[in-house]
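Notes for the one structure printed next.
The values are calculated or read from the model by the stated rules, or taken from the named source; none is laboratory data. Not measured: the values here are computed from a predicted model. Because the Cβ atoms are built from the backbone with ideal geometry, glycine has one as well, and the counts that use them run over all protein chains shown. Areas reflect the complete protein model, heavy atoms only, side chains present, ligands, DNA and RNA absent. Shrake-Rupley method; radii C 1.70, N 1.55, O 1.52, S 1.80 Å.
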There are 2 protein chains.
Amino acid sequence: METNSFVLKGDVCYNISKDLFDLRPLGYVVCVNGHSAGVYDNGSLPEQYTALPLIDCGHQLIVPGLNDIHVHAPQYGFRGIAMDLELLDWLNTYTFPEEKRYAELAYAENGYSIFAEDLQHSFTTRAVIFATMHVPATELLMDKLEATGLKTYVGKVNMDRNSPDYLTDGSAEQSLSATRKWLSEVESKHYVNTFPILTPRFTPTCSDELMKGLGEIKAELGLPVQSHLSENLSEIDWVKGLCPWSTCYGQTYEHFGLLGSARTIMAHCNYSTNEEIEILKKTDTYVAHCPQSNAFLSSGIAPIRRYLQEGMNVGLGTDVAGGASINMFRAVADAVACSKLRWRCVDQNLAPLTIQEAFYLATIGGGSFFGRVGSFAKGFDFDALVLDDSGIRSPRELNIAQRLERFCYLADEGGKLTAKYVAGRQIQL
Amino acid sequence: METNSFVLKGDVCYNISKDLFDLRPLGYVVCVNGHSAGVYDNGSLPEQYTALPLIDCGHQLIVPGLNDIHVHAPQYGFRGIAMDLELLDWLNTYTFPEEKRYAELAYAENGYSIFAEDLQHSFTTRAVIFATMHVPATELLMDKLEATGLKTYVGKVNMDRNSPDYLTDGSAEQSLSATRKWLSEVESKHYVNTFPILTPRFTPTCSDELMKGLGEIKAELGLPVQSHLSENLSEIDWVKGLCPWSTCYGQTYEHFGLLGSARTIMAHCNYSTNEEIEILKKTDTYVAHCPQSNAFLSSGIAPIRRYLQEGMNVGLGTDVAGGASINMFRAVADAVACSKLRWRCVDQNLAPLTIQEAFYLATIGGGSFFGRVGSFAKGFDFDALVLDDSGIRSPRELNIAQRLERFCYLADEGGKLTAKYVAGRQIQL
């Protein structure tokens with residue numbers, strides 16, 4: 001569908017604040033030129049929109065699209081296996097050998113086709129994605145993602161130390177030069193949906209010289225940055241040894257200008273110290289909370305309640321293949337469940353997340369990294385999912401909020417995505 | 001299909017011990033008169049079975065059926081909603097009002113039809129189920145389950161104290177009398193798949209007199225028993241107050257003869273003391289581990305590694321609607337994930353469960369409650385699932401163990417159940 005102005009009618013639900021849903025039974029959501037023109041009650045569609053095409057979704061749920069702000073495309077091929085190790089051993093034993101394969105374009109063609117197709121059919125409307133260090137495969141991934149119509153940031157991974165011989169950029173200079181080559185080639189492609197993001201893998205695999213150079217590219221080109229932070233206790237100890245000059249892990253990025261201006265995503269932040277939290281706050285850095293991955297890799301549970309209390313930017317990530325599922329509804333449910341276990345087992349001062357809060361993280365929380373994204377409020381980009389939950393059967397009458405909560409828990413057990421829009425354009429399902 | 005002797009051919013996987021899979025690529029599993037006659041390698045089917053009908057499943061996975069040893073049928077209608085409270089408040093606010101509706105047979109007809117149909121189409125081959133206190137609805141549920149072909153135990157719930165006026169048997173005498181009436185009516189139905197199980201809800205809602213009477217019925221009729229134990233800290237405190245004579249919560253069941261002879265299932269056991277563990281061990285009581293429910297109700301995480309080290313009987317339960325999903329593969333994955341978080345956050349002396357161990361719990365672990373169930377070893381009841389995992393796409397070649405692990409994590413994201421057998425009879429899907 002090429003028209004960018006239309007009206008959806010159905011059971012509308014979205015966050016109007018971190019902890020509150022706006023619910024509109026058989027309400028209208030109006031899209032004008034790819035942006036929301038607001039939400040209206042049943043029977044109250046303003047006169048000026050009555051001439052637009054009306055898509056009647058019946059009693060299906062209409063919710064904002066979900067934003068996955070941390071996922072590794074080349075790891076999709078081994079999702080759900082090799083779940084027996086912690087982070088550092090898992091990287092060396094399973095992840096690096098798999099990423100090595102993306103040196104071959106034929107393997108990348110196969111792996112990235114599957115990833116892009118599955119992401120297109122998923123509940124995700126926008127994503128922030130790690131590729132591998134390989135420039136040709138990364139561009140191939142970007143070509144494929146561009147064709148899906150989803151909005152994504154994609155990063156060629158940088159790594160120049162503590163990396164296996166078969167998966168390293170070589171020197172810092174070589175890594176920076178490959179990055180500039182990649183950025184220049186990407187620029188010439190004139191993508192409209194797909195954008196580059198600087199991607200130092202994490203401090204252990206990136207020398208100070210490399211970090212410094214990436215900081216310079218960031219400043220020069222105004223690019224966003226993604227990386228990992230304080231995911232696992234052994235990793236944090238390692239960073240202390242590698243950067244004896246640093247005051248905390250987070251400072252190893254800040255020092256080189258890699259944080260700042262709300263343009264950086266740090267995945268995990270499970271063990272951020274007070275000092276690290278101050279750095280994340282003052283740089284408006286996004287925390288990508290990845291509850292499934294943090295459980296599966298035995299990493300722990302991030303104190304998301306605290307980050308919300310501190311007013312920090314927080315979104316959700318599936319972190320495939322630390323996480324097994326690209327289902328962002330599952331990420332919402334896992335965020336709630338893990339926050340309960342943290343409350344029970346770790347710290348009763350931090351109350352569990354509510355379903356409203358977790359859904360906020362998946363919509364506006366991560367969406368704001370892309371701009372005005374994640375809400376149906378007037379002026380937001382029109383990203384929407386239409387959800388048929390009639391296959392999740394019950395003898396009860398449920399209200400819209402209950403049906404949305406249930407969909408978070410049971411999306412794949414009877415739920416169905418029937419339409420998906422990104423910036424007003426319908427995605428082929 | 002009425003024939004009870006046949007051969008399945010495919011990629012076979014089952015536990016030969018708690019921590020070891022037997023893997024047979026394109027192997028045979030032989031069913032003779034509803035029992036396994038063993039597993040054979042590709043090309044090595046013994047002469048005496050070559051005349052049996054051969055069902056070629058290609059490269060689909062063939063695994064034992066999964067046994068859900070703790071699930072509440074009347075709570076299925078509100079699975080995935082109302083996940084904001086802990087156990088005792090959750091019972092009073094959401095669960096008891098929902099169970100009340102099963103006083104009306106029309107509501108029960110609707111609710112139990114959905115439950116029985118969904119269970120029939122699920123990965124579960126056998127289940128141990130709570131109904132409500134209502135005798136007519138419980139019999140209706142049993143009628144419906146009988147027709148599915150699944151093997152189940154079903155309990156009319158007993159409750160005579162600390163229960164709302166709208167959901168109580170009244171006195172202990174009335175509760176016992178209703179139970180005897182139910183048992184007598186069930187006997188006259190001559191079910192072949194469906195069996196009664198005594199079901200004191202839990203100590204807080206069952207007076208000593210009621211417990212005593214149920215113990216007498218157990219002794220008289222040799223019936224099995226199911227209940228809840230040490231799920232939540234407030235619940236445990238409450239039981240201490242209600243039974244000041246008891247040495248631990250578990251003893252409140254043992255004292256009345258409700259444990260013993262490997263015929264009792266206690267759900268949860270998240271906080272069992274050393275003394276309680278000794279009681280469970282000496283009575284061969286089954287622990288129904290329900291990791292999803294224990295997370296969703298903020299209850300905690302059971303020390304299953306310890307129970308395995310102690311040689312205790314342990315199976316898995318979905319505990320719908322404390323848990324949201326009846327997918328037993330999800331229960332396997334959740335058991336692994338929660339054991340990792342327990343290791344990380346609570347006690348590093350108890351190693352996380354492996355996928356082999358968790359799959360053992362779902363097959364033989366809980367299956368042994370039903371007899372020789374949960375394995376393809378010779379003599380076991382022939383319960384099997386045939387699984388098409390070709391929809392879970394990957395550029396990699398995976399071995400059978402990897403494919404089964406992946407199925408546990410992603411059963412509902414591309415996996416498909418194509419055939420299901422219980423005691424050699426094919427279940428209609």
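If we scan the stretch A:333-343, do we find a residue that is under 15 Å from the mean Cα position of the chain (by Cα), of a type in the set (Val, Ile, Thr) and either away from chain B (no Cβ under 13 Å) or open to solvent by less than 10 Å² (accessible area, probe 1.4 Å) (or both)? Among the residues of the stretch A:333-343, not one is under 15 Å from the mean Cα position of the chain (by Cα), of a type in the set (Val, Ile, Thr) and either away from chain B (no Cβ under 13 Å) or open to solvent by less than 10 Å² (accessible area, probe 1.4 Å) (or both), which makes the answer no.
Checking each residue in the stretch A:55-93 for being within 14 Å of chain B (Cβ to nearest Cβ) and either without any contact (Cβ under 8 Å) to a residue 24 or more places away in the chain or of a type in the set (A, V, I, L, M, F, W, C) (or both) picks out A:Leu61, A:Ala73, A:Phe78, A:Ile81, A:Ala82, A:Met83, A:Asp84, A:Leu85, A:Leu87, A:Asp89, A:Trp90, A:Thr93.
The residues listed here are B:Asp160, B:Asp169; of these, the one that is open to solvent by less than 40 Å² (accessible area, probe 1.4 Å), in contact with a Gly (Cβ under 9 Å, 6 or more places away or on another chain) and of a type outside the set (S, T, N, Q) is B:Asp160.
If you go through the stretch B:117-130 one residue at a time, how many are in a helix (DSSP H, G or I) and crowded, with 24+ Cβ neighbours inside 10 Å? So the count comes out to 1.
Within the stretch B:190-212, the set of residues being within 18 Å of B:Glu173 (Cβ to Cβ), more than 19 Å from the chain's Cα centre (by Cα) and open to solvent by less than 10 Å² (accessible area, probe 1.4 Å) comprises B:Thr205, B:Cys206, B:Leu210, B:Met211. Only residues that are more than 10 Å from chain A (Cβ to nearest Cβ) and open to solvent by less than 10 Å² (accessible area, probe 1.4 Å) were counted across the stretch B:94-110, and they come to 3. Across the stretch B:308-327, the qualifying residues are those that are out of contact with any Lys or Arg (no Cβ under 7 Å at 6 or more places or on another chain) and β-branched (Val, Ile, Thr), and the one among them that is farthest from the other protein chains (Cβ to nearest Cβ) is B:Val314. The set of residues from the stretch B:410-429 being within 14 Å of chain A (Cβ to nearest Cβ) and either out of contact with any helix residue (DSSP H, G or I) (no Cβ under 7 Å at 6 or more places or on another chain) or modelled with pLDDT under 95 (or both) comprises B:Leu410, B:Asp412, B:Glu413, B:Gly414, B:Lys416, B:Leu417.
On the basis of being of a type in the set (Lys, Arg) and facing chain A (nearest Cβ under 10 Å), does B:Arg305 make the cut? Criteria not met by B:Arg305. The single residue among A:Glu209, A:Glu235, A:Glu231, A:Glu254 that is of a type in the set (Asp, Glu) and within 21 Å of A:Leu183 (Cα to Cα) turns out to be A:Glu209.
The set of residues from the stretch B:345-361 being open to solvent by 40 Å² or more (accessible area, probe 1.4 Å) and either within 11 Å of another protein chain (Cβ to nearest Cβ) or acidic (Asp, Glu) (or both) comprises B:Val346, B:Asp347, B:Gln348, B:Ala351, B:Thr354, B:Gln356. Among the residues of the stretch A:287-313, those that are outside any helix (DSSP H, G or I) and closer than 10 Å to A:Arg342 by Cβ comprise A:Gly300, A:Ile301, A:Ala302, A:Pro303.
Residues that are touching a residue at least 12 places away in the same chain (Cβ under 8 Å), in contact with a Phe, Trp or Tyr (Cβ under 8 Å, 6 or more places away or on another chain) and in a loop (DSSP other than H, G, I, E, B) within the stretch B:395-411 comprise just one, B:Ala411. One residue stands out in the stretch B:284-293 among those that are away from chain A (no Cβ under 14 Å) and touching a residue at least 60 places away in the same chain (Cβ under 8 Å): the one that is surrounded by the most Cβ atoms within 10 Å (Cβ to Cβ), namely B:His289. Have a look at B:Met133, B:Met142 and point out the one that is touching a residue at least 24 places away in the same chain (Cβ under 8 Å) and open to solvent by 10 Å² or more (accessible area, probe 1.4 Å). Answer to the check: B:Met133.
The listed residues are B:Phe296, B:Phe256, and the only one of them that is touching a residue at least 60 places away in the same chain (Cβ under 8 Å), of a type in the set (Phe, Trp, Tyr) and either open to solvent by less than 20 Å² (accessible area, probe 1.4 Å) or away from every other protein chain (no Cβ under 14 Å) (or both) turns out to be B:Phe296. The set of residues from the stretch B:362-392 being surrounded by 17 or more Cβ atoms within 10 Å (Cβ to Cβ) and more than 30 Å from B:Asn33 (Cα to Cα) comprises just one member, B:Ile392.
Considering only residues in the stretch B:376-409 that are more than 12 Å from chain A (Cβ to nearest Cβ) and closer than 12 Å to B:Ile62 by Cβ, the one that is farthest from the chain's Cα centre (by Cα) turns out to be B:Asp388.
Mind listing whichever residues of the stretch A:401-426 are aliphatic (A, V, I, L, M) and surrounded by 22 or more Cβ atoms within 10 Å (Cβ to Cβ)? A:Leu404, A:Leu410, A:Ala411, A:Val422, A:Ala423, listed by residue number.
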